[in-house]
Amino acid sequence: MDSLALVGAAGGVGTTRTTLELGATLTQAGLSVIILDGAYTTQGLADHVPGSIVPDMMAVASGDATLREGLIEIETATGSLSVCPAFGPFDRLARAKAPANARQFGTLIESATNESDVVLIDCPPVGANQAIAAVTTAEQTLILTPAGRPASRLRMIERLADLGVTEPRIVVTGDHTADRLCVGIPSETDPAETPTTETETSQYTTEIATLARELFSLEL
């Protein structure tokens with residue numbers, strides 16, 4: 001159906017959290033969702049996956065396992081998500097970032113779109129090969145940028161333009177009242193709540209639902 005690369009304009013802006021929460025919200029519309037981890041260095045998605053992670057995203061991208069073998073189901077309040085997190089040592093990280101394996105990451109995104117309604121890619125600031133493959137393969141790209149730091153947003157917009165990715169969507173995280181371009185997601189939330197488990201409406205869940213509607217034209 002659709003693929004979306006979520007790119008952090010800087011580290012620590014909440015890209016992984018937003019990717020998980022958006023995926024969980026999409027399950028409310030009855031959609032199947034696959035999340036692929038492009039943040040090989042930080043490997044933050046692995047923190048939200050129970051049990052062992054074998055094989056991981058880097059092994060899949062390197063051709064040591066299939067995507068189906070790497071997918072792990074995690075439960076949400078409204079269903080489940082299929083995620084493929086990165087989790088491994090530096091030697092595997094370096095191998096997965098090699099140009100040939102990065103191109104394979106793009107192929108995996110295309111394959112995942114044939115197996116689910118929506119594919120979300122958790123991406124670091126664009127610079128590594130696999131992040132380049134993600135933004136040039138995904139049908140949509142969204143930049144998560146911290147409030148009050150317009151230079152980081154502009155830098156990422158220009159970098160994406162160099163790759164032929166124009167008009168990305170923008171989400172401002174943190175105190176966004178004076179810096180709102182698309183939707184703003186507050187950062188004052190409990191990471192332990194990931195993925196979405198709240199049963200009552202909050203500012204955070206409302207903002208995530210707004211984002212889902214704008215990106216995928218959904219009624220939630």
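Between the range 71-136 and the range 1-27, the alpha-carbon centres lie 12 Å apart. Highest mean packing comes first when the peptides 102-111, 149-158, 33-42 are listed by Cβ atoms within 10 Å, giving 33-42, 102-111, 149-158. Between residue 158 and residue 117, the modelled labels are 4.0 nm apart [label points 7 Å from Cα along Cα→Cβ].
Note on 60, 7: ascending count of other Cβ atoms within 10 Å places them as 60, 7, the fewest first. Rounded to the nearest 500, the helix-only mean residue ellipticity at 222 nm of the chain stands at -10500 deg cm²/dmol, with each DSSP H run of n ≥ 4 adding -39,500 (n - 2.57).
Judged by the gyration tensor of its Cα atoms, with axes a ≥ b ≥ c, the range 1-85 is oblate; a/c meets the 1.5 cut and b/c is at least as large as a/b.
Packing order of peptides 131-137, 68-74, 19-25, highest average first: 19-25, 131-137, 68-74 (average count of other Cβ atoms within 10 Å over each peptide's residues). Extension gain for residue 218 to residue 94 (0.36 nm times residue separation, less C-alpha to C-alpha distance): 40.8 nm.
Considering only alpha-carbon pairs that sit under 8 angstrom and 6 or more positions apart, the relative contact order computed for the range 6-216 is 27 percent.
Beta-bridge orientation, the chain: approximately 15 percent antiparallel, per DSSP, counting only bridges with both partners inside. Rounded, prolate or oblate: which fits the chain when a ≥ b ≥ c are the square roots of the eigenvalues of the alpha-carbon gyration tensor, with rounded for a/c under 1.5 and prolate only if a/b beats b/c? Oblate.
Computed from the coordinates by the stated procedures, all read-outs in this text should not be read as laboratory data. Since we're looking at a predicted model, the values are computed, not measured. So basically every Cβ, Gly included, is an ideal-geometry build from the backbone, and we count neighbours across all protein chains shown.
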